[in-house]
Structure formats: C-alpha cells, structure tokens
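Novice: My structure is below; once you've seen it, I'll send some questions.
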Amino acid sequence: MRFPSHTAQLGTSPVRLGLRANWEQFALLVAVNAFVGATVGIERVLLPLLAERNFGLASRAAILSFIISFGLVKAIANLFAGRISEHWGRKKILVVGWLFALPVPAIILLAPSWKWVVFANVLLGVNQGLCWSTTVIMKIDLVGPERRGLAMGLNEASGYLALSAAAFVSGYLAGALGLRETLFWMGEIIATLGLILSAVFVRESLHHVRFEAQTTGGQQRSFLEILLLTSWKDRALFAVSQAGMVNNLNDGMAWGLMPLYFASQGLSLERISFLAALYPAVSGGTQMVTGGLSDRTGRKWMIALGMVVQAAGIVLFVAGSGFARWAAAAVLLGLGTAMVYPTLLAAVGDVAHPSWRASAVGVYRLWRDGGYAVGALLAGSLADVLGVRWAIGAIGGLTFLSGVIVASVMSETHQRVGATQ
C-alpha cells in the first residue's frame, strides 16, 4: 500500500500523505527546526567558558550542571509533547514551546549567580523538548510511511546545521561583544523569529495522522503500554531507545567537556568555536543523505555502525593531540551521529502505529534526551576524579557497547528491507 496516493476530505481541502504533496508545510517545518537548533547552538561554546571565566567554577561536575538540568527537563518535555499533542494538536505545543525560550537570554545576561543560568536551561529544556518533538512528529504525520527516513534526515539536518552555525558565529561574536551579550542578542532574535513562523504560518498536522490511522486500522493502546513497549518490551524499540540515550550521552560530554578540554590545551576561542561547530556541521550536512539511505538499506546496520564510528571519533580525541587530529575526530563523530540520528526516529515511526506514534516518539525522546543528563553527570564526575581524558575515553567505550547491543538485539524495522531478509 502506497499511502502518498491516498487522500481524504477535510472540509473543502483534501488530506494527502507524502513529501511532495505537503512540501510547503514540510519546508516551513524544516525552517522552524533550524531556529530550534540555533537556540541551543549559541550555548555550545559559550556556556562552559562562561561558567569557568565569569562565575569561577572549577569543578567539572558543577560546570556541567546546566546540561543536567537541560537534559532532565527536555526529556520530560518530550514525553508530554508526544502525548498531549495527540489530544491538543501539534501546533499549540509548538507555539507554547517557543514562549519558554523568550526569557532565557535575558536571564543569562542578568544572572547574579550560576544557579540562575541553570534555571535558564530548565526553560530552554522545555523549549527544546516541546518544539523539536513537535516538528519531528509533524513531519512524520505529513510524509506517511514511504520516505520517513529522508524526512527525518532533512529535519535533523536543518536543526544540527543551524546549531553548528550558531555555535561558530557565537564564538566569533563573543570576542567582540562578550559572552553574555552574544548569548542575549542572538538568543532573543532567534526565539522571536521561531515564534512568529510557528504561530503565523505553521498549520496543524493532526488531520494527516488521523487519516493514516484510518487506512491502517485501529490499534489503541494505553500510555503505560506504550511506555513499556518503547522502553523494553519491543526489542527493536528497546535497541533504539538505548542507542538514542547513549548518543546524547556522548553529545552531552562533547558539549560540556570539549570546550574546556580544548581551552586547557591552549586553543584560542576562535579555534574552539570551529571544532565545536565542526561535529554538528558534519552531522547536519550528511543526515540528508543517511536518512534517505536508510529507506533503501534499512535501519539496523546504519544505527549499529553509526555508534561504532562515533566511538572511534571519541577515542581519537584523546588518543593524541593537535588541531588536525581533533578536527578529524570531530568529523568521525559527526558522521557517526548522522548515521544514527534520523535512522532512530525513522525506526520508531516504522514500528509504532499512527494512533500512538506521537506518544512512542515522546517516550523514545525521553530516553534519548535523558542521555544529556546522564552524560553530563557521568562525564563531569569522571573528569573530577580521573581527569578529562579518562572521562572522554570512558564515554567512547559506552558508545561502542551500545552499537554492539543494537547489532545483537535489534530486528530490521523497515518493511521493504526486512521483507527481503
């Protein structure tokens, strides 16, 4: 059954599934997600340095506390975004998410202590959980089952390319404007534009998912059933959830420790900004390819190999020193992330029925973004006890183990590929 050819009537307008049939709204959502990524991108370089230089924090665990608060709140917001959007609609959740972003830059600018920065990242976590989750869910709603991998590749590419660009630009601007001032002006402009696009131009996509659910039959499940299936009972969804968690565990480490590690090695702010931007730039640029590739080759081995490539990149960061070696490590980490990120989301869409897919995406993203908190806590604690190099190396080992779990446990989820195996 090829869903993009199906239509249903909604008032006077037909509801159609497919990327081509919904390209205007899809492109708009890609742009919105770019603003979501840029909102967090401005913190990738500046906040760890702000903690050390402006607030005088020496403990790595204390510095990474802003990532812990961000990750925990974002994980919970993901869960609620998926479930509530099935009843309230996607657009309302998206707009509310942007409202949480607006005060964040001002709080950081005026913060008298580090606790205020941590609180600002609580609000940012709500913004990221609500906005990124709903843009993902809305794109899955629009395209139907045929080109889900490509859709997720485009979604994640837009977010991570914008994150990379914001990290790079913020590092350079901070040299002229200052750390806090750069965070304020860039943050307010990005959040305001994202809110306007979402409130004025984005249209509700709940009608599309209801139409797809009608064409595939009903599979109503309680929220507890969905939570257990996605977290543990379904082998494919379990493999996806743990891989997502470990992926963001190493991303939390890269966000919090890498700028401090590079600074300790004597790199300038401009070079630190380049390295911090290179990994998400490679990831974002190649996800447009890897997402679509998983539609043809399958999800399982793309995920497993992606985790191994990530592990190799992380180990390379501490296997030697030098700007060229670190740049190569960032490229490897970006390529591995690109293989994994859109493919994980596409796999959840493969397995979950349309009637409870948004909730399954929310549960998956609960575990995935919980990895930020776990990664920041683990990396910070290990860095304080054993040193930064050992902390980075340990995260690399966990990433490799996650790839082994995917290879051992996960079944292929893409029907066209799985049918031939």
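Novice: Could you point to the residue in ALA304, THR135, ILE93 farthest towards the positive end of the stretch 18-413's charge dipole, with +1 and -1 charges on the Cβ of Lys/Arg and Asp/Glu respectively?
Specialist: Of the options given, the answer is ALA304.
Novice: Once amide H atoms are built 1.01 Å from N in the peptide plane, which residues 5 or more positions from THR413, or in another chain, come under 5 Å H to H?
Specialist: Answer set, sorted by chain and number: ARG299, LYS300.
Novice: Now a separate question. Can you give me the long-range amide H partners of VAL15? Hydrogens built in the peptide plane at 1.01 Å from N, cutoff under 5 Å, separation of 5 or more residues or another chain.
Specialist: Distant-sequence amide H within range of VAL15: ALA8, GLN9, LEU10.
Novice: Continuing with the same structure: Need the C-alpha centroid separation for the stretch 153-202 versus the stretch 389-406, integer Å.
Specialist: A separation of 30 Å, based on Cα centres.
Novice: Which label belongs to the value computed from this structure, given these candidates for Rg and Dmax of the Cα atoms in Å: [x] 20.3, 65; [y] 22.0, 81; [z] 23.1, 69?
Specialist: Label [x] holds the value from this structure.
Novice: Pull out the extension gain between PHE323 and PHE80, defined as 0.36 nm times the separation in residues minus the alpha carbon to alpha carbon distance; nm, one decimal. The partial results should precede the final answer.
Specialist: Values: separation 243, 0.36 × 243 = 87.48 nm, distance 4.17 nm.
Difference between extended and current length: 83.3 nm.
Novice: Could I ask something else about it? Top mean-square fluctuation among PHE223, PHE262, PHE184, Gaussian network model of the chain, C-alpha springs under 10 Å?
Specialist: Sorting by GNM fluctuation, first place goes to PHE223.
Novice: Calculated from DSSP H runs of 4 or more alone, at -39500 (n - 2.57) each and per residue, what is the 222 nm mean residue ellipticity of the chain, nearest 500?
Specialist: On the way: 18 runs with 340 residues, N = 421.
Result for the chain: -27500 deg cm²/dmol, rounded to the nearest 500.
Novice: Please compute the length gained on full extension between VAL200 and LEU228, using 0.36 nm multiplied by the number of residues separating them and subtracting their Cα-Cα distance. Don't skip to the end; give the middle numbers.
Specialist: Numbers: separation 28, 0.36 × 28 = 10.08 nm, distance 3.72 nm.
Stretched fully, the VAL200-LEU228 segment lengthens by 6.4 nm.
Novice: Right, here's the next one. What number comes out for the charge environment of GLU86, summing +1 per Lys or Arg and -1 per Asp or Glu over other residues with Cβ under 15 Å away?
Specialist: Working: positive: ARG83, ARG90, LYS91, LYS92, ARG210, ARG221, ARG357, ARG365; negative: ASP141, GLU204, GLU212, GLU225.
Overall, the nearby charge balance is +4.
Novice: Also: Would you mind checking the pairs LYS91/LYS300; LYS115/LYS139; LYS139/LYS300; LYS92/LYS115; LYS74/LYS233; LYS91/LYS233 and listing those with alpha carbons more than 26 angstrom apart? Before the final figure, lay out the partial values.
Specialist: Values: LYS91/LYS300 32 Å; LYS115/LYS139 36 Å; LYS139/LYS300 22 Å; LYS92/LYS115 30 Å; LYS74/LYS233 24 Å; LYS91/LYS233 31 Å.
As for pairs spanning more than 26 Å Cα to Cα, those are LYS91/LYS300; LYS115/LYS139; LYS92/LYS115; LYS91/LYS233.
Novice: Rounded to whole Å, give me the distance from the Cα center of the stretch 30-62 to that of the stretch 282-318.
Specialist: 25 Å
Novice: PHE55 versus LEU177, label points 7 Å from Cα toward the beta carbon: distance in nm?
Specialist: Placing both labels 7 Å along Cα→Cβ, they lie 2.0 nm apart.
Novice: Next question, about the same structure. Could you state the principal axis extents of the C-alpha atoms in the stretch 156-238, from the largest down, to the nearest angstrom?
Specialist: Cα spread of the stretch 156-238 along its principal axes, largest to smallest: 58, 34, 21 Å.
Novice: Name the most mobile residue of GLY153, GLY334, GLY397, meaning the one with the largest mean-square fluctuation, in a Gaussian network model of the chain with Cα contacts below 10 Å.
Specialist: GLY397
Readers should treat all values here as calculations from the given coordinates under stated rules, not as data from a laboratory. Note that the structure is a prediction, hence the values are computed from the model and not measured. Glycine also receives a Cβ, built like all others from the backbone with ideal geometry; neighbour counts cover every protein chain displayed.
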